[in-house]
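Peer 1: Can you read through this structure? Questions will come right after.
Just so it is clear, none of the values below were taken in a lab; they were calculated from the coordinates. Remember, predicted model here, so these are calculated numbers, not experimental data. Neighbour counts run over all protein chains shown; Cβ positions are idealised from the backbone, glycine included.
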Amino acid sequence: MKILTIVGARPQFVKAAVVSRAISNFNTLELSHSRTSQLQEILVHTGQHFDANMSQVFFDEMDIPQPGYNLGIGGGSHGQNTGRMIEKIEEVLLKEKPDRVLVYGDTDSTLAGALAAAKLHIPVAHIEAGLRSFNRRMPEEINRVLTDHVADLLFAPTETAVQNLANEGISGEKVVRSGDVMYDAALYYQKSARKPDIEGLPDSDFVLCTLHRAENTDDPERLKDIMDAIETISAKIPVILPLHPRTRARLFGLPTTDSPINRLTDSLTTDSPIHSRILTAPPVGYLEMVWLLEHCRMVMTDSGGLQKEAYFFQTPCVTLRDETEWVELVEAGANTLAGADKAAIINAFAQAKTTVITDEQLYGDGKSAQHIVDAILSNAD
């Protein structure tokens, strides 16, 4: 059975690493039993994250198979990227003739892979299906809804996701509550975590902040309010801010396609929107991010993935968005929605718990990738 996996952005590399390992383990087991059935996986990297610190470092440190195809598509608008990806992915599909296409999450790469496959009548499996923010202004919401409705096999990480799909008429055997592959990854890579080389980074007791969503970075008022809140908080506790290329571009007026830089300190001026108390750095690798998550006091983010990863490490989280797909974290008291309101962000920081402890398995048993591979095999033609 030939599977074509589409990836393009940081969270997808992490998820693909887990599932690719489960596929490899299956093939090893089959060989040990002298069976001929094998799963062949071909990885296609769209190039959506083109910065080496957002892309290649993950393949290197997580032992992900190198892509069979790198389409080199990134840096354009949502429409430009999605259209070009569909065209190039279709060419790969016609050449490789896979039995199934596997897509992850909610990026432009996800939608492009799903649409290209569906139009060629190739079955689509969607990992992380059923998530909903119910905010159609988010490009990610459009991507995930459309992908779910063309997929024939949907892997929902939580019971809430299963119910969201049912509410849209998607149910039955095609929906599998698999758990979350990000939980698998956190358990597996925790032993390999390493401290990032960020000047002045303490060993503990700091806030980890990430900021990248267009709704925040492309709205000057929201971005200013968030940065003002972070600056206020940094007077009480160090704040570590690895900067996504888009955020760096908005804050410093730099092009998003320039080469990576080691430190942003030289870019700081008296007119800089970032206070010198905030420790800035380029994007970090996954193993470094795991170290930061383990050692920080709190996470402040607009990332969907980091909201969950904070929970995996029992770290409280303040989400810099007006809504979240991970509603169960808010209900469990592990996550506080603060939006871009300065006062709400500062208050959430002051009121947050020091740790998050729960016996609930909100995101599965840590074997989600194995459940996914088993389901794909069960649904093979």
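Peer 1: Obtain the nm distance between the two label points defined at His121 and Arg194 by a simple spin-label model: each point lies 7 Å from its Cα along the Cα-to-C-beta direction.
Peer 2: In this crude label model, His121 to Arg194 measures out at 5.0 nm.
Peer 1: If you don't mind, another one. Assuming a ≥ b ≥ c are the square roots of the Cα gyration tensor eigenvalues, decide whether segment 122-244 counts as rounded (a/c under 1.5), prolate (otherwise, with a/b larger than b/c) or oblate. Before the final figure, lay out each step's value.
Peer 2: Values: a/c = 3.06, a/b = 1.67, b/c = 1.83.
Verdict is oblate for segment 122-244.
Peer 1: Now for a separate question. Which angle between 0 and 90 degrees, to the nearest 10, do you get for helix 342-351 versus the longest principal axis of the chain when only C-alpha atoms count?
Peer 2: Roughly 80 degrees, rounded to the nearest 10.
Peer 1: Test of understanding: what is the full-extension gain from Ser24 to Lys353, defined as 0.36 nm times their sequence separation minus their Cα-Cα distance? Before the final figure, lay out the partial values.
Peer 2: Values: separation 329, 0.36 × 329 = 118.44 nm, distance 4.02 nm.
Contour length minus the Cα-Cα distance gives 114.4 nm.
Peer 1: With a ≥ b ≥ c taken as the square roots of the eigenvalues of the C-alpha gyration tensor of segment 70-157, please select rounded if a/c is under 1.5 and otherwise prolate if a/b is larger than b/c or oblate if it is not? Walk me through the numbers on the way to the answer.
Peer 2: Numbers: a/c = 2.23, a/b = 1.16, b/c = 1.92.
In terms of gyration-tensor shape, oblate.
Peer 1: Quote the charge dipole size of segment 192-351 about the Cα centre in Debye, to the nearest 20; the model charges only the Cβ of Lys and Arg (+1) and of Asp and Glu (-1).
Peer 2: On the way: 15 positive and 24 negative charges, 65 e Å.
In total the dipole reaches around 320 debye.
Peer 1: Excluding same-chain residues fewer than 8 positions from Lys236, which lysines have a Cα within less than 23 Å of its Cα?
Peer 2: Cross-link targets: Lys195, Lys224, Lys342, Lys353.
Peer 1: Okay, moving on. How large is the helix-only mean residue ellipticity at 222 nm for the chain, computed as the sum of -39500 (n - 2.57) over DSSP H runs with n ≥ 4, divided by its residue count, in deg cm²/dmol to the nearest 500?
Peer 2: On the way: 15 runs with 162 residues, N = 381.
Rounded to the nearest 500, it is -13000 deg cm²/dmol.
Peer 1: What is the magnitude of the charge dipole of the chain about its Cα centre, with +1 placed on the Cβ of each Lys and Arg, -1 on the Cβ of each Asp and Glu, and no other charges, expressed in debye to the nearest 20?
Peer 2: Working: 35 positive and 52 negative charges, 74 e Å.
The calculated dipole for the chain is roughly 360 debye.
Peer 1: Moving on. Check the straight Cα-Cα distances from Lys174 and name the aspartates and glutamates below 16 Å, setting aside those fewer than 8 residues away within the same chain.
Peer 2: Glu128, Asp148, Asp152, Glu159, Asp374, Asp381
Peer 1: Straight-line reach from Lys88: which lysines fall under 17 Å, measuring Cα to Cα and dropping same-chain residues less than 8 apart?
Peer 2: Lys97, Lys119
Peer 1: Label Ala235 and Val150 with points 7 Å out from Cα along Cα→Cβ: what is the distance between them in nm?
Peer 2: Placing both labels 7 Å beyond Cα along the Cβ direction yields 5.1 nm.
Peer 1: Also, quick follow-up: Starting from the coordinates of the alpha-carbon atoms of the chain, obtain the Kirkwood hydrodynamic radius over all distinct pairs and give the value in Å to one decimal.
Peer 2: On the way: mean 1/r = 0.0471 Å⁻¹.
21.2 Å is the Kirkwood radius here.
Peer 1: So how far apart, in nm, are the two label points at Arg246 and Asp365 if each is 7 Å from Cα heading toward Cβ?
Peer 2: 3.7 nm
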